[in-house]
1. If you take the residues in the stretch 35-55 that are free of Cβ contacts under 8 Å to residues at least 60 places away in the same chain and among the β-branched types (Val, Ile, Thr), which one is surrounded by the most Cβ atoms within 10 Å (Cβ to Cβ)?
2. Any idea which residue in the stretch 101-126 is nearest to residue 32 (Cα to Cα), counting only those that are part of a loop (DSSP other than H, G, I, E, B) and either of a type in the set (A, V, I, L, M, F, W, C) or touching a residue at least 24 places away in the same chain (Cβ under 8 Å) (or both)?
Amino acid sequence: MKLFLSIVAMLILITGCSHKMTYVDFENGNVLEGHYVDYVKDIEVKMPNGELLKGKFSNISNNSFSFGNSFSNGTMTNGTTTTFGNANSFGTGYSVGGAGKAYAILKSETSSLMMEVIVNYDGLSRSGFGEARTNDGRKYKVQF
């Protein structure tokens, strides 16, 4: 039973990381649907003729990650050795996110068609925008 629950949890995790992308051709108005998966860095888009372009994306990012700890201890006395109070505190924090860029080359498995995708994104919301172009001259605006 534990193995089954582990497998179900892993499938939910992997499929939950899939994000929809929309590609809009400004010349003819065609809208293409695609998606990317954070966990494995896969990206794909379906072309108007049904051809599927797939690839891996790379983060080219200015994201920052920081982690810090602090500890303090204070004691008050009245000049003898009597303690009136004692205060201890401990804090931990981290910060992740910020603006970033991602880059991908998508390839067809059935033809020589390729697409270059360059996007800007918000590291926290995983949403963003950018541009894509194919090696046959089509240009798209990308939003996700």
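1. The qualifying residue surrounded by the most Cβ atoms within 10 Å (Cβ to Cβ) is 37.
2. Let us first name the residues in the stretch 101-126 that are part of a loop (DSSP other than H, G, I, E, B), namely 109-113, 123-126.
With the extra rule that they be either of a type in the set (A, V, I, L, M, F, W, C) or touching a residue at least 24 places away in the same chain (Cβ under 8 Å) (or both), the set shrinks to 109-111, 113, 123-124, 126.
Details: 109: 18, 110: 18, 111: 18, 113: 15, 123: 24, 124: 25, 126: 19 Å.
Ranking the candidates gives 113 first.
Here, each number is a calculation from the coordinates, and none is a lab measurement. As the structure is a prediction and not an experimental result, all values here were calculated from the model. Note: ideal-geometry Cβ built from the backbone for every residue, glycine included; neighbour counts use all protein chains shown.
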